[in-house]
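Take a look at the structure set out below.
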Amino acid sequence: DARVTQTPRHKVTEMGQEVTMRCQPILGHNTVFWYRQTMMQGLELLAYFRNRAPLDDSGMPKDRFSAEMPDATLATLKIQPSEPRDSAVYFCASGSLTGAERDQYFGPGTRLLVL
Amino acid sequence: QKEVEQDPGPLSVPEGAIVSLNCTYSNSAFQYFMWYRQYSRKGPELLMYTYSSGNKEDGRFTAQVDKSSKYISLFIRDSQPSDSATYLCAMRKGAQKLVFGQGTRLTINP
């Protein structure tokens, strides 16, 4: 049963600290998405990669957020320095936007609390 | 104004009722329309997928797309307590990124 995995599942940190979230996409999927979900804003797309190349990171605050995909099995989202307003659930999703499979499979999320 | 509008609810109905969830959108170029279901403290999972206009049925679930009105709907027949979740509509043009609605929180009362 192929699925997207995310670590850590929960993270509590203090303002100013660096936070790194990791995602392992489903093998064979060529597109990886990072989303942030809050009660107020709903699900917001932060960035996405296709074939490991960044395609769109316009939803991401550039001064503190960075997203990378060092290889096909790992995507990372980093916040440095973190702020209380970054508290949210961060989801990674992977998909294969070619052929018949045109949907995104979401991971379980990383629940981040910045104090 | 958001590209995709969805009433966040909450919506509460008795077990067995027919549920109607809706989204409107402004971008006429959208071609692919999805409904995701998200249980509490879980990631969204794809429930229904439709290309262009028309209806699609899967068990108790029916998705409708009316491109002329820029309006999509999800109907749940014979609703069950296990259907209690947040339902998010999403749509995109071609292989572009998905645009999500706010999500509607649904509770089915036994």
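When each of A:Phe65, A:Phe33, A:Phe49 is tested for being within 14 Å of another protein chain (Cβ to nearest Cβ) and at pLDDT 90 or above, the lone residue that passes is A:Phe33.
Do you know which of the residues in region B:35-82 that are acidic (Asp, Glu) and assigned to a strand (DSSP E or B) is most open to solvent (accessible area, probe 1.4 Å)?
First, pick out the residues of region B:35-82 that are acidic (Asp, Glu): B:45, B:57-58, B:66, B:78.
Now restrict to residues that are assigned to a strand (DSSP E or B): B:45, B:57-58, B:66.
Numbers: B:Glu45: 74, B:Glu57: 130, B:Asp58: 91, B:Asp66: 61 Å².
So, considering only residues that are acidic (Asp, Glu) and assigned to a strand (DSSP E or B), the one most open to solvent (accessible area, probe 1.4 Å) is B:Glu57.
Of all the numbered requirements in (1) without any contact (Cβ under 8 Å) to a residue 24 or more places away in the chain; (2) within 18 Å of B:Gln6 (Cα to Cα); (3) within 12 Å of another protein chain (Cβ to nearest Cβ), B:Ala95 misses one, and that requirement is (2).
Residues that are under 25 Å from B:Tyr36 (Cβ atoms), open to solvent by 50 Å² or more (accessible area, probe 1.4 Å) and under 12 Å from the mean Cα position of the chain (by Cα) within region A:39-73 comprise A:Glu44, A:Asp57, listed in sequence order.
For region B:7-39, the set of residues classified as polar (S, T, N, Q) and within 11 Å of another protein chain (Cβ to nearest Cβ) consists of B:Gln31, B:Gln38, listed by residue number.
One line per residue, one yes/no per condition, for (1) outside any strand (DSSP E or B); (2) closer than 22 Å to B:Leu46 by Cβ:
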| site | (1), (2) |
| --- | --- |
| A:Val12 | no, no |
| A:Leu46 | no, yes |
| A:Ala75 | no, yes |
| A:Pro108 | yes, yes |
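Only one of the numbered conditions (1) of a type outside the set (A, V, I, L, M, F, W, C); (2) within 23 Å of A:Glu14 (Cβ to Cβ); (3) within 13 Å of chain B (Cβ to nearest Cβ) is violated by A:Asp86, and that is (3).
Among the residues in region B:45-68, are any within 12 Å of chain A (Cβ to nearest Cβ) and in contact (Cβ under 8 Å) with a residue 24 or more places away in the chain?
The first filter runs over region B:45-68 and keeps only residues within 12 Å of chain A (Cβ to nearest Cβ), leaving B:45-51.
Cutting the leftovers down to in contact (Cβ under 8 Å) with a residue 24 or more places away in the chain gives us B:47-48.
Within region B:45-68, one or more residues are within 12 Å of chain A (Cβ to nearest Cβ) and in contact (Cβ under 8 Å) with a residue 24 or more places away in the chain.
Against the condition modelled with pLDDT of 95 or more and of a type in the set (A, V, I, L, M), how does B:Ala63 come out, does it pass? The answer is yes for B:Ala63.
The values are calculated or read from the model by the stated rules, or taken from the named source; none is laboratory data. Note that the structure is a prediction, hence the values are computed from the model and not measured. Neighbour counts are summed over all protein chains in view; Cβ atoms, including those assigned to glycine, are modelled from backbone coordinates with ideal geometry. The accessibility values were calculated without ligands, DNA or RNA, using every heavy atom of the protein model including side chains. Shrake-Rupley method; radii C 1.70, N 1.55, O 1.52, S 1.80 Å.
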